[in-house]
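Encoded as structure tokens, the structure appears first; notes follow it.
All of the numbers you see were taken from the coordinates with simple rules; none came from a lab. These numbers come from a predicted model, not from an experiment. As a convention, Cβ positions derive from the backbone with ideal geometry for all residues, glycine included, and neighbour counts pool all protein chains shown.
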Amino acid sequence: MAKSDLQFAGEFLITQCKLLTTSGTEFDIRNLVQNINIYEDIFSHTVSGDILLKDTNNLVMNAPIIGQEKLLLRIQTPQSNPKDETIINYTDTPLSVYKVNMVMGEGENALLYSLNFTTQESFRNQVCKISQSYKGQPSDIVEKILRDKNYLDSTRKLFVEETANHVKIVFPNMRPFMALVHLCKISNSKQYNQSPAYLFYETTKGFHFRSIDGLASQEPAYEYVENIPNVLSEQGTIDPIKNLSTMNEFSQQPTRDTIYNMNSGFYSSKLKVHDVYNKTLKDYDFSYLENFENDIHTEGTEPLMSKSIDPISGKNLSEYPDTKLFVSTTSDGKHFYESQDYPYQSDNLINTMQRRISRFFQVDRGIKCQVKVPGQTTIQAGDIVTLKVGATSSKTDDSIDKQVSGRHIITTIRHEFNLTGDPRHQIYMETIKDGLVDAFPEDGVVYSNSGSATKQTT
């Protein structure tokens with residue numbers, strides 16, 4: 001469909017919404033739908049959601065609906081190409097209903113109830129375990145587990161970021177998702193500076209096995225501007241395409257907690273490694289500031305902390321490794337067979353664990369925002385979006401909050417499709433920014449009433 005087919009920002013089409021019961025009976029429930037929510041999270045393995053139904057035929061009892069149904073769902077933004085993968089499409093791979101909640105009765109002839117659903121892979125994860133050894137690149141092993149008919153048996157698209165390391169690993173009676181999480185912990189990116197911070201998650205477009213650095217390196221999927229009034233076309237009418245970029249609601253979430261960050265290993269940490277093969281005990285110190293440039297950040301070249309020096313200790317916050325202690329054992333890989341073709345490695349915690357943990361806390365404790373925007377099915381968790389906060393309609397650079405504005409990763413997203421009253425598709429998303437363009441002030445900087453900074457000298 002052409003862009004002109006979009007009548008207003010947040011318009012959507014439900015082209016299919018059917019329930020398939022355990023008896024094989026199929027019900028078209030599009031006329032019953034009041035509201036649909038679909039949730040994505042880069043820290044969650046699968047997509048989930050709920051659908052609110054207003055039933056005048058007592059379908060929940062007559063079908064009956066027992067929480068074991070399949071949901072065939074297809075939703076698109078009108079201007080999307082019908083064959084575009086950005087359409088939310090669960091017709092070939094139906095969603096699984098797992099819970100029925102009676103909300104209330106609406107008079108004598110209507111019932112209001114909700115159905116909770118998730119993907120079929122989530123169900124598969126509950127009914128099988130892996131007891132098997134694998135060897136090779138973790139990125140290849142992820143795909144094997146996802147596609148294996150004995151395990152997750154998924155046909156969904158998989159977005160894989162290739163790993164650089166080779167491993168030999170055994171999963172002892174482990175749930176598939178837990179095995180995939182473990183693979184995330186031992187993976188290093190081939191493309192993005194050996195990044196050890198991998199994620200496994202699902203969006204409506206498919207499954208993703210990608211590093212945080214890989215996500216941060218993406219081009220922005222969309223730009224959103226705060227408090228821009230309805231944008232008019234040349235004909236003087238509201239332009240729905242341009243109004244898709246308006247933030248309807250915006251708030252910044254408080255994430256600044258220095259004690260928490262110190263205790264988590266964000267700023268610094270110490271790793272004590274006991275090598276059982278060589279019978280040695282070694283310490284490895286990690287510094288966030290020293291490693292900042294080794295990672296790819298959403299934006300900027302400045303870290304999420306001040307580099308100011310404590311006048312008593314003569315150190316910054318990244319120079320206290322004893323604030324977080326990790327202990328591990330290793331055999332230095334001596335029991336692995338190594339060759340040119342298969343250079344198997346142990347978990348290699350010395351080079352990865354501290355950096356990985358700090359990297360995750362940078363995302364969790366960065367500049368976090370909650371945003372509500374007009375919906376479109378092209379946006380998904382893990383995308384980069386550009387936020388312009390505090391901008392005027394002129395969008396001049398001097399009118400925006402440079403600390404908050406800029407490139408953000410979407411960490412969580414809720415697609416809300418509301419069919420009551422004025423039908424709208426709204427997106428509620430949480431975003432994070434893990435780098436700054438301008439550094440935080442250091443000691444000796446004094447701000448005047450006008451906001452300008454001067455350096456004090458002694």
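Using Cβ counts within 10 Å as a stand-in for footprinting exposure, how do Asp401, Asp55 rank, fewest first?
On the way: Asp401 14, Asp55 19.
Placing the least packed residue first, the sequence is Asp401, Asp55.
Taking amide hydrogens as modeled 1.01 Å from N in the peptide plane, which residues meet the under 5 Å criterion relative to His166, leaving out close sequence neighbours?
For His166, whose amide H was placed from the backbone, the distant partners under 5 Å are Gln345.
Under 25 Å Cα-Cα from Lys388, which lysines qualify once same-chain neighbours fewer than 8 residues away are excluded?
Within the straight-line limit of under 25 Å, Lys388 reaches these lysines: Lys3, Lys242, Lys368, Lys372, Lys402, Lys433.
Taking Cα atoms of the range 125-213, Rg/Rh with Kirkwood Rh, to two decimals? Display every interim value, and only then the final one.
Values: Rg = 12.3 Å, Rh = 13.0 Å.
For the range 125-213, the value is 0.94.
Which cross-chain or sequence-distant (5 or more) residues have an amide H under 5 Å from the amide H of Glu223, H modelled 1.01 Å from N in plane?
Amide H to amide H, under 5 Å and 5 or more residues apart or across chains, Glu223 pairs with Thr386.
Can you compute 3J(HN,Hα) from phi for each residue in the range 358-370, using the Karplus curve 6.51 cos²θ - 1.76 cosθ + 1.60 with θ = phi - 60°, rounded to whole Hz and x for Gly and Pro?
Those phi angles translate into 4, 5, 5, 6, 4, 6, 6, 10, x, 7, 9, 10, 10 Hz.
At q = 0.21 Å⁻¹, what log₁₀ I(q)/I(0) does a Debye calculation on the Cα points of the range 11-160 give, no solvent, two decimals?
Summing over Cα pairs of the range 11-160 leads to -1.38.
What is the packing order of peptides 311-323, 354-366, taking the mean over residues of other C-beta atoms within 10 Å and listing the highest first? Walk me through the numbers on the way to the answer.
Working: 311-323: 14.3, 354-366: 21.6.
Peptide ranking by packing, descending: 354-366, 311-323.
Which entries of Lys205/Lys272; Lys70/Lys144; Lys144/Lys279; Lys99/Lys144; Lys149/Lys190; Lys99/Lys190 have Cα-Cα distances beyond 32 Å here?
On the way: Lys205/Lys272 41 Å; Lys70/Lys144 25 Å; Lys144/Lys279 37 Å; Lys99/Lys144 30 Å; Lys149/Lys190 28 Å; Lys99/Lys190 41 Å.
Lys205/Lys272; Lys144/Lys279; Lys99/Lys190, as the Cα separations exceed 32 Å there.
In whole Hz, with x marking every Gly and Pro, tabulate ³J(HN,Hα) for the range 275-281 from phi via Karplus 6.51 cos²θ - 1.76 cosθ + 1.60, θ = phi - 60°.
8, 6, 7, 8, 6, 10, 10
To make sure I understand, if each residue's beta carbon is the centre and we count other beta carbons within 10 Å, what order do Phe200, Phe12 fall in, fewest to most? Intermediate values should be presented prior to the final figure.
Values: Phe200 21, Phe12 24.
Going from least to most buried by this count: Phe200, Phe12.
Find the relative contact order for the range 54-197 and round it to a whole percent, using C-alpha pairs within less than 8 Å whose residues are 6+ positions apart.
18 percent
Which ³J(HN,Hα) values in Hz, rounded to whole numbers, follow from the phi angles of the range 181-189 under the Karplus curve 6.51 cos²θ - 1.76 cosθ + 1.60, where θ = phi - 60° and Gly and Pro get x?
4, 5, 5, 4, 6, 10, 9, 10, 5
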